[in-house]
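Report on the following structure.
Laboratory data are not the source of any read-out in this text; all were calculated from the coordinates shown. For clarity, every value in this text was computed on a predicted model and none was experimentally measured. Cβ coordinates were reconstructed from backbone atoms using ideal geometry, including for glycine residues, and neighbour counts include every protein chain displayed.
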Amino acid sequence: MPDDEWWNEFFSEPWSRVQAGGYPADRTATECDLIQSALDLAPGAEVLDIPCGIGRHSIELARRGFRVTGVDFKAQYIELARSRAAHAAGAPRFVVADMRDFVSTDVFDAAFCYFGSFGYFWGEDDLRFVRAVHGALKPGGRFVVEGHIAETLLPVYRERDWFWADPPQNSRQVLEERAWNVESSRVEATWTIIDDDGTQTATTSIRIYSFRELQALLELGGFANVIGRDGKTGGPLRVGSPRALIIAEKRRP
């Protein structure tokens, strides 16, 4: 079983090697189109990207005229995000912080947690994160969570996958071996990255909520009007949708 704080090791090196291949600009633009639509962003809106990783969504949304703050626990990622944003239009602000402990009261019009970055924690720490985001939003502000839920992952679940992390160069290969823990509803995975720098292995453990479980968690954290959308098209969420886009709203007084 992975360590309870597996992300300290995983994001220190293995995932950095996966990300080294980069992401196509058109993919980031398409994802930001969905984020912008789901959050119903007004021009110049204050937006929270948490966790932001290397800042690709933050930078693109800032380029579109939104005032973006990106938050991540990994100082290395924040440094890279700042470097990437240095010459971008409307450069975002980047902050090093644990997403469970981020404090910024009633500042943001909207927030998003993208690219499967929800469900890392054990116990009530996922709720702690939800409440941190809730506290950072203005009343009526929207929060979007993107990633897999049980209804999207189970229909395509496989115990093993190989893929190239850097197409079309195909110089970095990744093996992901998964085990579904039915008692905890977590997918516990071993990642093996193979490239010219050698072979490295690390583990992850992510809670896979059903839509109803995630809806209940968001409501417990103070959100209302929780709905699900297809994470690729923005259309209706169905069993077998490739990804999920969960949209919630901070209750108004």
| Three-way shape call for the chain based on the alpha-carbon gyration tensor, with the a/c threshold at 1.5 | oblate
| message | Given axes a ≥ b ≥ c from the Cα gyration tensor, I'd like to know whether region 64-111 is rounded (a/c under 1.5), prolate (a/b larger than b/c) or oblate. | response | oblate
| request: Treat each spin label as a single point 7 Å out from the Cα along the C-beta direction, and report the R64 to T201 distance in nm. | output: 4.1
| Label points 7 Å out from Cα along the Cβ direction at S83 and D106: separation in nm? | 4.0
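Taking neighbour Cβ counts within 10 Å as the exposure measure, how do D126, D106 sort from fewest upward?
Details: D126 19, D106 11.
Fewest to most other Cβ atoms nearby, the residues stand as D106, D126.
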| request: May I ask you to compute the full-extension gain from V156 to Q76, defined as 0.36 nm times their residue separation minus their alpha-carbon distance, rounded to one decimal in nm? | output: 25.5 nm
| remark: In terms of the charge dipole of the chain, which places +1 on Lys and Arg and -1 on Asp and Glu at the beta carbon, the residue among T199, Q215, Q76 farthest towards the positive end is Q215
| task | Treating only the Cβ atoms of Lys and Arg (+1) and Asp and Glu (-1) as charged, compute the dipole magnitude of region 153-205 about its Cα centre; round to the nearest 20 debye. | result | 200
| task | May I ask you to list the lysines whose Cα is less than 22 Å away from that of K138, ignoring any residue fewer than eight positions away on the same chain? | result | K250
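At 0.36 nm per residue, minus the direct Cα-Cα distance, what do V96 and E13 gain on full extension? Give it in nm, one decimal, please.
Extra length available between V96 and E13 comes to 28.1 nm.
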| Gain upon complete extension [T233, R128; 0.36 nm per residue less C-alpha separation] | 34.8 nm
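Please compute the contact order of the chain in relative form: average sequence separation of alpha-carbon pairs under 8 Å and at least six residues apart, divided by the residue count, as a percent.
19 percent.
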| request: Quick one: order E9, E146 by neighbouring beta-carbon count within 10 Å, fewest to most. | output: E9, E146
| note | Expected max-MSF residue from G222, G140, G198 in the GNM of the chain (alpha carbon, under 10 Å) is G198
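With an 8 Å cut-off on Cα pairs and a minimum separation of 6 or more residues, tell me the relative contact order of region 201-253 in percent.
30
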| task | Give me S104, S210, S241, S58 ranked fewest to most by other Cβ atoms within 10 Å of their Cβ, as a rough exposure proxy. | result | S210, S104, S241, S58
| note | For the chain, the dipole about the Cα centre with charges only on Cβ (Lys and Arg +1, Asp and Glu -1), to the nearest 20 debye, works out at 940
